[in-house]
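Colleague: Here it is: the structure, laid out below.
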Amino acid sequence: MWHRIRSLIIKEMLAIWRDPKGRAVIVVPPLLQLVIFAFAMTMEVRNVDIAVLNLDTGSQGREVEAGIRGASAFDEVIQLQSVSQIQEAIDSQRVIAVVHIAPDFTRRIEAGQSADVQIILDGRKSNASQIVNSYLAAIISRVSAAAYSGGTTPDTIRIRHWYNPNLEYAWFTLPGLVATITLLTTIIVTALSVARERELGTFDQLLVSPLRPLEIVVGKSAPGLIFGYLHGTFFILVAIFGFKIPFAGSLLALYGSMFFYLLAVIGIGLFISAISATQQQAILGAFVFASPAVLLSGFMSPIENMPGWMQVATQINPLRHFLVVAQGVFLKDLPLADVARNTLPLVLIAMATLPAAAWLLRKKTS
């Protein structure tokens, strides 16, 4: 039996590598996704233009304006001269925000009274404008706190960002890519396996071979497992040595959880492959699954923000569970108990999807 399975695995690996389209699927998408996710897809806001209308002639107004001009997130800070220019600056999209400092800003601070600064945001860019608002609010609060406390920042609030002290977005993105890219690669490779046999007309030859359905499932699963581990290892190395992201946890725990994660994904991929007549259908089916899986994993937006019924539905998404393991092991040395707790759903998903794929394949072969 093992000799037959090994022969099928070798045959599958050669079929993938000798096919130019197969090589492209293995090599090109992961590299493109690395560049896009690591450099282009970021929640940080950089190089945006804002405007400042400073009607205060005192020192505190100048401190706020200087702080805004010195912020690295802003490219150009446009100086406005009157309130009437605010609407034109926002409507024409010259700036994403306007900071309006009132004439009595310094006087009210020196008198110990509450002093407000108005921030006008472009609501057409809702996400970016809210991030810019947080940047501006931090600058204004820092200047105001120093002024009220006699030139020193108060000690009552000290902010520390655990596991990502400098709030580097790549530290969040790259560990997530270990889970996301392995999902996309594994499910495409696995989904194409049986569909390729049908399209090339070799599926009937496979049926009359000495291989049993279980052996076919194992042989078809192995390439996805191999390529999944290869891509996962590649992104781990890129994150550690390319982006200098510290690896705080256990590599053994990460790879152990990845094994069951890949089995769960392979079961879904084989199920898609078994019901697909052509490779185009298989690729379409893989993306039909992969897109919602990424969106409902917590990688794009927090699961806590989703409706209650949708949070329950994400429990059947293998990416949701392994994403917690990948990011947790990478950044904060996730305890083995937590790794096991998030790996258990992957074991259950694999126990459901792999037998279902084997049953469907057996039905197709009978």
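The values are calculated or read from the model by the stated rules, or taken from the named source; none is laboratory data. Everything numeric in this text was worked out from a predicted model, so none of it was measured. Here Cβ is always computed from backbone atoms with ideal geometry, including for glycine, and neighbour counts include all displayed protein chains. What goes into the accessible areas is simple: the full protein's heavy atoms, side chains included, and nothing from ligands, DNA or RNA. Shrake-Rupley method; radii C 1.70, N 1.55, O 1.52, S 1.80 Å.
Colleague: On a full-extension model of 0.36 nm per residue, what is the gain between R18 and D338, subtracting their alpha-carbon distance, rounded to one decimal in nm?
Modeller: 111.1 nm
Colleague: Net charge near E76, counting Lys/Arg +1 and Asp/Glu -1 over other residues with Cβ under 13 Å of its Cβ?
Modeller: Local charge sum for E76: +1.
Colleague: For K363, list the aspartates and glutamates whose Cα falls under 17 Å from its own Cα; do not include residues on the same chain fewer than 8 positions away.
Modeller: E197, D204, E215
Colleague: Right, something else. Provide E88, E110 ordered by accessible surface of protein heavy atoms (probe 1.4 Å), highest first.
Modeller: Ranked list, largest accessible area first: E110, E88.
Colleague: Also: How much of the accessible area of the chain, probe 1.4 Å, is carbon plus sulfur, in whole percent?
Modeller: Exposed carbon and sulfur together represent 63 percent of the surface.
Colleague: For helix 336-365, what angle does its Cα long axis make with the longest principal axis of the chain, in degrees from 0 to 90 and rounded to 10?
Modeller: Taking the Cα atoms of the chain, the angle to 336-365 is about 40 degrees.
Colleague: Among the aspartates and glutamates, which have Cα under 14 Å from the Cα of K244 when same-chain residues fewer than 8 positions away are ignored?
Modeller: Partners found: E168.
Colleague: Quick one: ranking I316, I5 by accessible area, 1.4 Å probe, largest first, what do you get?
Modeller: I316, I5
Colleague: What distance in nm lies between label points placed 7 Å from Cα along the C-beta direction at M306 and E168?
Modeller: Between M306 and E168, the label points sit 2.9 nm apart.
Colleague: For the Cα atoms of the chain, what angle does the longest principal axis make with the long axis of helix 20-35, in degrees from 0 to 90, nearest 10?
Modeller: 20 degrees
Colleague: To continue, here is another question. Answer with one residue from M310, Q113, L230: the one whose Cα lies farthest towards the positive end of the charge dipole of the chain, charges on Cβ with Lys, Arg +1 and Asp, Glu -1.
Modeller: Comparing the listed Cα positions along the dipole, L230 ranks first.
Colleague: I'd like the orientation of helix 251-274 relative to the chain: the angle between its Cα long axis and the longest Cα principal axis, in ° from 0 to 90, rounded to 10.
Modeller: The angle comes out at about 60 degrees.
Colleague: A further question on this structure: Between Q118 and A352, what is the label-point separation in nm under the 7 Å Cα-to-beta-carbon projection?
Modeller: 5.5 nm
Colleague: For the chain, modelled as a GNM with alpha-carbon contacts under 10 angstrom, which of S82, S301, S129 fluctuates the most?
Modeller: S82
Colleague: Relative contact order (percent) for the stretch 47-101, with alpha-carbon contacts under 8 angstrom and 6 or more residues of separation?
Modeller: Worked out over the stretch 47-101, it gives 56 percent.
Colleague: At 1.4 Å probe radius, can you tell me the per residue accessible area of the chain in Å²?
Modeller: Roughly 51 Å² per residue, with all protein chains present.
Colleague: For labels at T233 and F259 in the simple 7 Å Cα→Cβ model, what's the distance in nm?
Modeller: 1.5 nm
Colleague: Here is a follow-up. So what does M310 come to for accessible area, using a 1.4 Å probe and Å² rounded to 10?
Modeller: 50 Å²
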